[in-house]
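Written out below as structure tokens is the structure these notes cover.
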Amino acid sequence: MSLFEIIGGFFLVLGSIFLFLGGLGIFRMPDVYNRLQAGTKATTLGAMSVIFGVGIIQLENDWTWIVKAMVILIFIAFSNPISSHALARAMYKGKTYPFIKSKDKDMDAYKEYIDNQKMEEE
Amino acid sequence: MTYIIYIALFFMIIGLSLSAVRFVKGPTAGDRVVALDTLTIIIVSGLVLLSYVFDRFIYMDVALVYAVLGFIGVIVIARYLEGAL
Amino acid sequence: MQNLSLTNKLSNFIVNWVFLMLVWIAFTSSFATHELIVGALTTMVISYLSIRLFTCCTILIFCPVKIMYMIWYLVVFLIALINSNMDVARRVLSPSLPINPGIVKFKTKLTTNYSKMVLANSITLTPGTLTVDVVDDTFYVHWIDVKTTNPEEAYTEIAERFEKILLKIF
């Protein structure tokens, strides 16, 4: 095994473990917002790491792989938080309220804003 | 090297099946969309890994196009759920 | 549509052209002459058509001090990303699921839309936080383990380290 394969293989295994953790988070968390939390963060770093690892492995044969890998990587790093943010806002406006453990009233600051907006519309 | 690829594919397949369970089970539409988003990202990285395994450069383009389409799909569904479409 | 002066238009055009040309080279991954000619013509037409769309990056963005700050931002961001993944791993793998979720709000000092977008994306990828909505200068953030509901304390906890650098760039 060459040095490129060792470094790339390390990134590959690390990334696939984070992808697995993302799937586990989606499976275990109690409501849609917490699922988004686990899903977005773990899968972003996981996918970035796997794609970068493949680019590193192929670096000794062909330099074009890592350039295209960087294009996919940057696209995922920009698009993934945007889609999760759009989804979170859509869920709140579609009246799916977050699961809140403690009885504190201030825990949901966004509800005030939505209520105020409704009052203004009426 | 073969073993490393087997280990990586193993973890990816477990992640895929866990989010597929959530995709089938999810109580609301939002849960299903979150699971779909995760499925898309895992499949994109799987395609990149497979393009290395089969040594075909063109599969990288497939992965890129799939990432773009998945992103647009999630945005459109989110706008629809929000009631703004 | 806002009215842009001629210098603004020209600098937007040049920045768009350089950026799109770099993307073209990354896509085709070759320096053959015919590829470069076709790429230059296509990206020139596209950047002419989108002069009014991308107004964030004037030519001032290429100033070396700002580029230094961008690299520093990238380093801070990557460290936060790795930390957040460790955090997610710890929460998901522990059997009791230690979460205490809630939505907090805080006010930001940033003014331009693009810097707010970068800050919102960074907040989504840092430990335990997810941007739900941005209204004018108020951020509503879903926090997986709420430590405080006071807006000022939440601001110091979540956004301060990114905003210090972003204020210097934009």
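Please work out, to two decimal places, the log10 of the ratio I(q)/I(0) at q = 0.12 Å⁻¹ from a Debye calculation in which every Cα of the protein assembly as shown carries one identical scatterer.
Summing over Cα pairs of the protein assembly as shown leads to -1.00.
Roughly how tilted is helix C:64-93, in degrees to the nearest 10 and between 0 and 90, from the longest Cα axis of chain C?
40
Alpha carbons only, please: Rg and Dmax for region C:6-61, in angstrom.
11.8, 34
Taking the Cα centre of region B:2-82 as origin, work out the dipole magnitude from +1 charges on Lys and Arg Cβ and -1 charges on Asp and Glu Cβ, in debye rounded to 20.
180
Under the definition of Cα pairs under 8 Å and six or more residues apart, what whole-number percent is the relative contact order of chain B?
22
Rank these for me by crowding, B:R79, C:R161, going from fewest to most other beta carbons within 10 Å.
B:R79, C:R161
Which angle from 0 to 90°, rounded to the nearest 10, does the C-alpha axis of helix C:6-28 make with the longest principal axis of chain C?
The angle comes out at about 80 degrees.
With just the Cα atoms defining each centre, how far is region C:1-53 from region B:1-49? Give it in Å.
About 37 Å separates the Cα centre of region C:1-53 from the one of region B:1-49.
How big is Rg to Rh over chain A, alpha-carbon atoms, Rh as the Kirkwood inverse-mean-distance radius?
With Rh from the inverse mean 1/r over Cα pairs, Rg/Rh is 1.18.
Sticking to Cα atoms, compute the Rg of region C:63-169 to one decimal and its Dmax as the biggest Cα-Cα distance, whole number, in Å.
Computed over the Cα atoms of region C:63-169, radius of gyration and Dmax are 14.5, 50 Å.
Quick check on my link table: of A:K118/C:K109; A:K111/C:K109; A:K118/C:K107; A:K41/A:K68; A:K101/C:K164; A:K41/C:K9, which ones sit more than 29 Å apart, alpha carbon to alpha carbon?
In this structure, A:K101/C:K164; A:K41/C:K9 exceed 29 Å between Cα atoms.
Hydropathy first: keep DSSP H helices in chain A averaging at least 1.0 on Kyte-Doolittle, then drop any whose Cα extent along the axis falls short of 18 Å, and list what survives.
A:3-28, A:64-93
For chain C, what does -39500 (n - 2.57) per DSSP helix run (n ≥ 4), summed and divided by total residues, give at 222 nm, in deg cm²/dmol to the nearest 500?
Theoretical 222 nm ellipticity from helices: -19500 deg cm²/dmol.
Exposure proxy check: C:S96, B:S51 ranked by fewest other beta carbons within 10 Å?
C:S96, B:S51
All other residues with a Cβ under 11 Å from the Cβ of B:S51 taken together, and with Lys, Arg as +1 and Asp, Glu as -1, what is their net charge?
Value of the local net charge: 0.
Once you keep just the Cα pairs under 8 angstrom separated by 6 or more residues, what percentage relative contact order results for chain C?
Over chain C, the number comes to 22 percent.
With Cβ to Cβ distances under 15 Å as the rule, what net charge do the other residues near C:V92 carry (K, R +1; D, E -1)?
Neighbourhood net charge equals +3.
Report the charge-dipole magnitude of the protein assembly as shown in Debye, nearest 20, computed about the Cα centre from +1 at each Lys and Arg Cβ and -1 at each Asp and Glu Cβ.
200
With just the Cα atoms defining each centre, how far is region A:65-102 from region C:91-136? Give it in Å.
11
Stokes-Einstein diffusion coefficient for chain B at 37 °C in a medium of 0.692 mPa s, Rh from the Kirkwood formula over Cα pairs: what value in µm²/s?
Translational D for this selection: 232 µm²/s.
How tilted is helix B:29-53 with respect to the longest principal axis of chain B? Cα atoms for both, answer in degrees (0 to 90, nearest 10).
The helix B:29-53 is inclined about 20 degrees to chain B.
Which of the aspartates and glutamates could be linked to C:K66 by a straight reach, that is with a Cα gap under 15 Å, when you skip same-chain ones fewer than 8 residues away?
Partners found: C:E163.
Readers should treat all values here as calculations from the given coordinates under stated rules, not as data from a laboratory. A quick note: this is a predicted structure, and the numbers were derived from the prediction, not measured. Methodologically, a virtual Cβ is constructed for each residue, glycine included, from the backbone with ideal geometry; neighbour enumeration extends over all protein chains shown.
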